[in-house]
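Trainee: One structure follows; several queries about it will come next.
The values are calculated or read from the model by the stated rules, or taken from the named source; none is laboratory data. All values reported here derive from a predicted model rather than from experimental measurement. Backbone-built Cβ (ideal geometry, glycine too); neighbour counts: all protein chains shown.
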Ligand code: PMP
């Protein structure tokens, strides 16, 4: 089902690929603006999962029978498609449940055995808890310290401060590619270059980048890149960690069990080669079949088209919100993904989100798993509207009209 013709995308046809968007909520047409939390799934992904369970379901890598071979081919096929999608080698891509698992794998397998007292882990102010708490756990157990790379009030990285903070004691830098609260797109390539010159290992959280733009991990030059499938049209419980080959080969396993071994005896165990060494147990096979279909879907549509469409939606949304009196936007970086955090004077974020839900509008309110960032801005919560390429300009108008209406109710 081609959705592009002569370089033009039929966005109405694209939207029709997402059946959930047709439903109503509280008797109103759904406006789903919580895509930074999780994205909706196209029919091709839903059918791929359904088809796997109807025709192929078997465990991977263990069976020589036909179904086992097909299941293994499907699972490994996703690894290859995903690797091509982000321009890395398949054998450097560990499939896992998502960014949280991926970063914890780096924390326990790479960082914990290497860091000690006198070492520092540099973490930016705008990180999701998934890229803060694992490092705090490592620091607690290793004696390493955490240092915070601060941001500017506009919500961009303070690059001078970041470079100054890269002192010889810093062994690891943890940085998000795109902020889930501010939408800021960080200059990860330049930052990784600076870090590499100083021998600092870089861990990039790509959860919010892959859904919005073409990501070439090899070109970024990081050491580790973590991402999640469910924000990029794929199923929940899927994601991956890319790591430089030399790191994967030097890292001990994180979890022990089946699949990650070559040979086990009570005298000792020989571990499998990477990436299988880090994939103990039965994986989310059907989920990865779905993720393969998601990658195909995004590829066919073209990430450049998605980026341009979301830039238009973001410009419209930002302009419309700016015209609301007393509305403050958090994050005004020049390069932003379609994520808008805001507060309206005199209205609590949760009250706004609750009343908007009654109007059929789904946005997120709260701290967005980024307490230190909200502490920086001195606020307890924000609202966050995050449209995706399948949303429409009409939905932005409906959202803004609903926001004006519920604000009156609260005022
Ligand atoms: N990092 C960022 C920037 C995120 O937005 C999220 C998801 N909200 C995560 C990490 C965690 O991803 P997951 O829950 O899929 O592991």
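Trainee: Among the residues of the range 328-343, how many are free of Cβ contacts under 8 Å to residues at least 24 places away in the same chain and surrounded by 19 or more Cβ atoms within 10 Å (Cβ to Cβ)?
Mentor: Result for the range 328-343: 0.
Trainee: Filter the range 360-371 down to the residues that are farther than 12 Å from residue 385 by Cβ and either in the same structural domain as residue 128 (by TED's automatic domain parsing) or away from the ligand (no atom under 13 Å from the Cβ) (or both) and list them by number.
Mentor: Answer for the range 360-371, where residues must be farther than 12 Å from residue 385 by Cβ and either in the same structural domain as residue 128 (by TED's automatic domain parsing) or away from the ligand (no atom under 13 Å from the Cβ) (or both): 360, 371.
Trainee: Which ones in the range 140-164 are farther than 22 Å from residue 336 by Cβ and free of Cβ contacts under 8 Å to residues at least 24 places away in the same chain?
Mentor: Those that are farther than 22 Å from residue 336 by Cβ and free of Cβ contacts under 8 Å to residues at least 24 places away in the same chain: 140, 164.
Trainee: Next up: From 286, 219, 308, 226, grab the single residue that is modelled with pLDDT of 95 or more, under 30 Å from residue 195 (Cα atoms) and surrounded by fewer than 23 Cβ atoms within 10 Å (Cβ to Cβ). Explain how you work it out, then say what you get.
Mentor: Values: 286 fails: under 30 Å from residue 195 (Cα atoms); 308 fails: under 30 Å from residue 195 (Cα atoms); 226 fails: surrounded by fewer than 23 Cβ atoms within 10 Å (Cβ to Cβ).
Matching residue, one of 286, 219, 308, 226: 219.
Trainee: Looking at the range 154-170, can you tell me whether even one residue there is touching a helix residue (DSSP H, G or I) at 6+ places or on another chain (Cβ under 9 Å), modelled with pLDDT of 95 or more, assigned to a strand (DSSP E or B) and buried (at least 17 other Cβ atoms within 10 Å of the Cβ)?
Mentor: yes
Trainee: Right, next: Residues being more than 17 Å from the chain's Cα centre (by Cα) and surrounded by 15 or more Cβ atoms within 10 Å (Cβ to Cβ): count how many of those fall in the range 368-378. If you could, list the steps in order and put the result at the bottom.
Mentor: The initial filter retains those residues of the range 368-378 that are more than 17 Å from the chain's Cα centre (by Cα), namely 371-378.
Then drop every residue that is not surrounded by 15 or more Cβ atoms within 10 Å (Cβ to Cβ), which leaves 372-374, 376-377.
Residues that pass the stated criteria total 5.
Trainee: Take the range 217-249 and flag every residue that is free of Cβ contacts under 8 Å to residues at least 60 places away in the same chain and either in a strand (DSSP E or B) or more than 16 Å from the ligand (Cβ to nearest atom) (or both).
Mentor: Going residue by residue through the range 217-249, those that are free of Cβ contacts under 8 Å to residues at least 60 places away in the same chain are 220-223, 246, 249.
Result: 221, 223, 246, 249.
Trainee: Moving to a separate point now. Among 291, 255, 321, 313, which is the only one that is assigned by TED's automatic domain parsing to the domain that holds residue 97 and modelled with pLDDT of 95 or more?
Mentor: Details: 255 fails: modelled with pLDDT of 95 or more; 321 fails: assigned by TED's automatic domain parsing to the domain that holds residue 97; 313 fails: assigned by TED's automatic domain parsing to the domain that holds residue 97.
Only one candidate qualifies: 291.
Trainee: Tell me which residues, restricted to the range 194-208, are in contact (Cβ under 8 Å) with a residue 40 or more places away in the chain and surrounded by fewer than 24 Cβ atoms within 10 Å (Cβ to Cβ). Talk me through it step by step, then tell me what you get.
Mentor: At the first step, the residues of the range 194-208 found to be in contact (Cβ under 8 Å) with a residue 40 or more places away in the chain are 200-201, 203, 205-208.
Result: 200, 201.
Trainee: With the checklist (1) buried (at least 24 other Cβ atoms within 10 Å of the Cβ); (2) assigned to a loop (DSSP other than H, G, I, E, B) in hand, flag the one item residue 259 doesn't pass.
Mentor: (1)
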